[in-house]
């Protein structure tokens, strides 16, 4: 078929039947994190990205994780609900397998809420707004067990998995304003035991073993000052960054599939996710949904 005929056929499809087949998002276009990607727009700007392709629309809040309701990120969530029309929401921290609008997460999102503080960050804030608007929401994440299996397949032992998960959680606890005195000592037992049970790890690493593991692999002590960047997904970075990179390969492919599934079912989908994930996934969106528009939150 000639290009002219293809264009004509596409136009007829839009006019007559509304192109009811959802665009197919291509996972081969997912880009791994890199310094080049880190410098790509929107960088540190919080934006609402909008795509439209026939009856299909995708809105993506490029979030910078924040527990402050007045932050740019949570004001972007407000603007998403005030200005955009969508039928379903995707949020970052929970597994898709929990199903539609799990009630327990709504209740968790309410805990500790105050005038300008939402402990669960932008995902909790978006969940509460979706619940009030009777808009269904889903987690966009794979199950932790799937991630564990992927890491084991790449040769990472149990200590690497538990150590990484624990170190990655520390910045989140700090954002949630957990008491910092003896934070690691207080949080580690329940946290590690929970994941060891989930992964059926028979001998769960002790805190002193995890602290020694971190120092041996990253060259300094693990403390409450560990940064998100040190847990960021860089293929040639520090040891923990390389683990994060392996995890992100699984997460991004899974999230893209969730968006695909929900586009097929709901047609108009909103995503509240980290800005870095948008840059990972953008080419997959652009290929079939066209060039997006960006609304910066200032």
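Considering only residues in the range 231-265 that are within 15 Å of the chain's Cα centre (by Cα) and part of a loop (DSSP other than H, G, I, E, B), the one that is surrounded by the fewest Cβ atoms within 10 Å (Cβ to Cβ) turns out to be 232.
Going residue by residue through the range 272-280, is there one that turns out to be on the phi > 0 side of the Ramachandran plot and either surrounded by fewer than 23 Cβ atoms within 10 Å (Cβ to Cβ) or modelled with pLDDT under 95 (or both)?
The initial filter retains those residues of the range 272-280 that are on the phi > 0 side of the Ramachandran plot, namely none.
No, every residue in the range 272-280 fails to be on the phi > 0 side of the Ramachandran plot and either surrounded by fewer than 23 Cβ atoms within 10 Å (Cβ to Cβ) or modelled with pLDDT under 95 (or both).
Within the range 65-92, the residues that satisfy the criterion of being surrounded by fewer than 17 Cβ atoms within 10 Å (Cβ to Cβ) and under 19 Å from residue 177 (Cβ atoms) are 68, 70. Checked against (1) surrounded by fewer than 19 Cβ atoms within 10 Å (Cβ to Cβ); (2) at pLDDT below 95; (3) part of a loop (DSSP other than H, G, I, E, B), residue 9 meets all criteria but (3).
A search for C-beta distances below 6 Å between a residue of the range 31-60 that is in the same structural domain as residue 89 (by TED's automatic domain parsing) and at pLDDT below 95 and any residue that is crowded, with 17+ Cβ neighbours inside 10 Å and assigned to a loop (DSSP other than H, G, I, E, B), counting only pairs 6+ apart in sequence or on different chains, returns 33/233. Confirm whether residue 269 is assigned to a helix (DSSP H, G or I) and farther than 22 Å from residue 44 by Cα. Considered against the rule, which asks whether it is assigned to a helix (DSSP H, G or I) and farther than 22 Å from residue 44 by Cα, residue 269 comes out as no. Could we say that residue 202 is in contact (Cβ under 8 Å) with a residue 24 or more places away in the chain and not in a helix (DSSP H, G or I) here? Criteria not met by residue 202.
Among residues of the range 218-230 that are assigned by TED's automatic domain parsing to the domain that holds residue 165, those with a beta-carbon under 7 Å from a residue that is outside any helix (DSSP H, G or I) at least six positions away or on a different chain give the pairs 218/238; 224/180; 230/238.
The criterion of at least 1 residues that are surrounded by 14 or more Cβ atoms within 10 Å (Cβ to Cβ), at positive phi and in contact (Cβ under 8 Å) with a residue 12 or more places away in the chain is met, among helices (runs of 4 or more DSSP H) falling completely within the range 95-193, by 121-132. Residue 32 passes every criterion in (1) in contact with a helix residue (DSSP H, G or I) (Cβ under 8 Å, 6 or more places away or on another chain); (2) surrounded by 14 or more Cβ atoms within 10 Å (Cβ to Cβ) apart from (2). Taken together, 156, 96, 138 contain a single residue that is modelled with pLDDT of 95 or more and in the same structural domain as residue 218 (by TED's automatic domain parsing), which is 156.
The values are calculated or read from the model by the stated rules, or taken from the named source; none is laboratory data. None of these values were measured; they are calculated from a predicted model. Positions of Cβ are backbone-derived with ideal geometry, glycine not excepted, and every protein chain shown enters the neighbour counts.
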